[in-house]
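Asks: Here's a structure for you.
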Amino acid sequence: MDRLDKYLCDSGVGTRSQVKQILKAGRVTVDGETIRDSSRKIDPALQKIELDGVLLGGTGRIVLMLNKPAGYVTATEDARQPTVMELLPAHYRHFDLKPVGRLDKDTEGLLLFTNDGRLLHRLISPKKEVPKVYYARHAGCARDADVAAFAEGLILRDGTVCLPAKLEPLGEGESLITVCEGKYHQVRRMMASRNMTVLYLERRQEGEICLGDLPRGAVRELTESEIGSLERQT
């Protein structure tokens, strides 16, 4: 049996003092009954504990996938611009979730979040070479020479050295780009170095995790199988 307040803290609801106020406000139910007593004993294996009608899961690792729309910066907070954290459903905001890497403000698509610091650092480490696949609409058409230059590894105009990457032309003004690192504006800068200005950019895959048909702006939790695939990749 667990104390209710400890279980709520472990579930990422808030600090002990915040949990006390949440309970006082009558926002927590156990098997449908509103409970305000923080010392109440519960059995999470047998009882359903909810906050504002949302089922809580206790301590555990969370990995979320967001289909990021344009117009949001990848940061936990920003005084001037909306952040990707504002797109997370309210019941996830009490967890210590952090974006895995970053997407530029104008770039859309797959962005992961996790409260597992070890997994986060493994996913963003260039040494792990986790592939990330982007779809780009751009000026001009990618040629064989561009494909070869990407495969060899580009040196950008400011001297930045990029690891070998994969450029797949899809036709006039469309390409898939696969990179294994995440330097600042990297895909846009790589394409610009080959005289192809990116007009639209969407990340579609990270490791074996695909964006699929998740609607723009929507969020879903990864399954244990999907998380396992990320761990194997790193």
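Asks: I'd like the full set of residues that are over 11 Å from Lys166 (Cβ atoms), open to solvent by 20 Å² or more (accessible area, probe 1.4 Å) and in contact with a Ser or Thr (Cβ under 7 Å, 6 or more places away or on another chain), limited to segment 133-144.
Replies: Ala139
Asks: Quick check on segment 145-160: of everything there that is among the β-branched types (Val, Ile, Thr) and open to solvent by less than 80 Å² (accessible area, probe 1.4 Å), which residue is modelled with the lowest pLDDT?
Replies: Looking at residues that are among the β-branched types (Val, Ile, Thr) and open to solvent by less than 80 Å² (accessible area, probe 1.4 Å), I get Thr160.
Asks: Gly109 passes all but one of (1) part of a loop (DSSP other than H, G, I, E, B); (2) within 21 Å of Glu202 (Cβ to Cβ); which number fails?
Replies: With respect to (1) part of a loop (DSSP other than H, G, I, E, B); (2) within 21 Å of Glu202 (Cβ to Cβ), Gly109 is out only on (1).
Let's see how each residue does on (1) in a strand (DSSP E or B); (2) within 19 Å of Ile62 (Cβ to Cβ); (3) not polar (S, T, N, Q):
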site: Asp5; (1), (2), (3): no, no, yes
site: Leu8; (1), (2), (3): no, yes, yes
site: Ser17; (1), (2), (3): no, no, no
site: Ile22; (1), (2), (3): no, no, yes
site: Gly26; (1), (2), (3): no, no, yes
site: Ser38; (1), (2), (3): no, no, no
site: Gln47; (1), (2), (3): no, no, no
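Asks: If I go through segment 41-100 residue by residue, how many of them are within 24 Å of Arg204 (Cα to Cα) and among the β-branched types (Val, Ile, Thr)?
Replies: Of the residues in that region, 8 qualify.
Asks: Within segment 42-62, work out how many residues are in contact with an Asp or Glu (Cβ under 7 Å, 6 or more places away or on another chain) and either of a type outside the set (A, V, I, L, M) or in contact (Cβ under 8 Å) with a residue 60 or more places away in the chain (or both).
Replies: Summing the residues that are in contact with an Asp or Glu (Cβ under 7 Å, 6 or more places away or on another chain) and either of a type outside the set (A, V, I, L, M) or in contact (Cβ under 8 Å) with a residue 60 or more places away in the chain (or both) in segment 42-62 gives 7.
Asks: Given (1) without any contact (Cβ under 8 Å) to a residue 24 or more places away in the chain; (2) of a type outside the set (Asp, Glu); (3) touching a Pro at 6+ places or on another chain (Cβ under 9 Å); (4) open to solvent by 30 Å² or more (accessible area, probe 1.4 Å), where does Leu120 come up short, assuming only one miss?
Replies: For Leu120, the failing item is (4).
Asks: Now for a separate question. Evaluate the following for Ile227: is it open to solvent by less than 10 Å² (accessible area, probe 1.4 Å), over 17 Å from Asn67 (Cβ atoms) and within 15 Å of the chain's Cα centre (by Cα)?
Replies: Here the answer is yes, as Ile227 does meet what is asked.
Asks: When only residues in segment 73-93 that are within 23 Å of Val54 (Cβ to Cβ) and among the hydroxyl-bearing types (Ser, Thr, Tyr) count, which is surrounded by the fewest Cβ atoms within 10 Å (Cβ to Cβ)?
Replies: It comes out as Thr76.
Asks: Next question. In segment 161-210, which residue that is open to solvent by less than 10 Å² (accessible area, probe 1.4 Å) and among the charged types (D, E, K, R) is modelled with the lowest pLDDT?
Replies: Glu206
The values are calculated or read from the model by the stated rules, or taken from the named source; none is laboratory data. Everything numeric in this text was worked out from a predicted model, so none of it was measured. When we count neighbours, we look across all protein chains shown, and the Cβ atoms used for this are built from the backbone with ideal geometry, even at glycine. Side chains are part of the model used for accessible areas, which takes the heavy atoms of the whole protein and leaves out ligands, DNA and RNA. Shrake-Rupley method; radii C 1.70, N 1.55, O 1.52, S 1.80 Å.
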